[in-house]
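Reviewing the structure listed below.
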């Protein structure tokens, strides 16, 4: 079994080749997935990779069913797992988009339209409606003290995924939880984003963190912990390939490290051959 690697803040947003020793897992981790896109074989491959681990839960950050060969089986599997699901754009489209008599303008558009219609037919009206009615955000707890927000895209635009860039701190400034899990881009990364420090202005004014206001001593609040931002990549449409060309499905474990901090570990799981894939658990 491939080891879960630390998603280290190395300043590049990339996953280092081997950083697993930097923080060991402690306690029950949260399995974070996204963008399964109807690929049951890839999903079962990921579940096989966490077999034997005691999980705090499973969250899936949208785009569950559209694109792969087994959309209804993926929906059923997620229900059986009791996973916390949020809505991606394709989930909303399956339940709400009226395509009418649309005539495709290219072969590629025709292929996308056929995939959409086949997925909608395979799922049926009830499941499509349930997909469209999923919440856009969800908050789960690791230990009744640390909150994890889950959404498909960014806080400002659910159709646009988060990537690692200079403006990331401003983009996620509205998130009050301890960690944010998203998807959409199909490319995983992890970053600790500093929050606005309540003592910053006092320091800039030449005061320390303990000062007087109207002759009353006031201790300013300590700086809040950084927000851990995690993009869970994609289960069904990961762009990453093994050297031999075999495809992978990305998954993230979010939990405590042995230093007591929230941490993220990732694995690019080798997707089993369709004929060898089997249900786990």
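The values are calculated or read from the model by the stated rules, or taken from the named source; none is laboratory data. Bear in mind that the values here come from a model prediction, so they are computed numbers and not experimental data. Heads up, the Cβs are rebuilt from the backbone with ideal geometry, glycines too, and the neighbour counts pull from every protein chain shown.
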Matching entry among 160, 129, 195, 120 (being modelled with pLDDT under 90 and farther than 24 Å from residue 238 by Cβ): 195
Residues of segment 59-108 being in contact with a strand residue (DSSP E or B) (Cβ under 6 Å, 6 or more places away or on another chain) and under 16 Å from residue 233 (Cα atoms), which ones? 59, 60, 61, 85, 86
Pairs with Cβ under 9 Å, 6+ apart, first in segment 241-255 and more than 17 Å from residue 186 (Cβ to Cβ), second surrounded by 11 or more Cβ atoms within 10 Å (Cβ to Cβ) and modelled with pLDDT under 85: 253/4; 253/25; 254/142; 255/25; 255/26; 255/27; 255/142
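To keep it simple, each residue is scored yes or no on (1) more than 17 Å from residue 35 (Cα to Cα); (2) surrounded by fewer than 17 Cβ atoms within 10 Å (Cβ to Cβ); (3) touching a strand residue (DSSP E or B) at 6+ places or on another chain (Cβ under 8 Å).
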{"site": "112", "(1), (2), (3)": "no, yes, no"}
{"site": "116", "(1), (2), (3)": "no, no, no"}
{"site": "126", "(1), (2), (3)": "yes, yes, no"}
{"site": "135", "(1), (2), (3)": "no, yes, no"}
{"site": "148", "(1), (2), (3)": "yes, no, yes"}
{"site": "152", "(1), (2), (3)": "no, no, yes"}
{"site": "176", "(1), (2), (3)": "yes, yes, yes"}
Residues in segment 129-154 that are within 30 Å of residue 179 (Cβ to Cβ), touching a residue at least 24 places away in the same chain (Cβ under 8 Å) and not in a strand (DSSP E or B) total 12
Starting from segment 56-80, keep only residues that are farther than 13 Å from residue 37 by Cβ, then list their pairs with residues that are in a loop (DSSP other than H, G, I, E, B) and at pLDDT 95 or above whose Cβ atoms are within a distance under 6 Å, requiring at least 6 positions of separation or different chains. 58/83
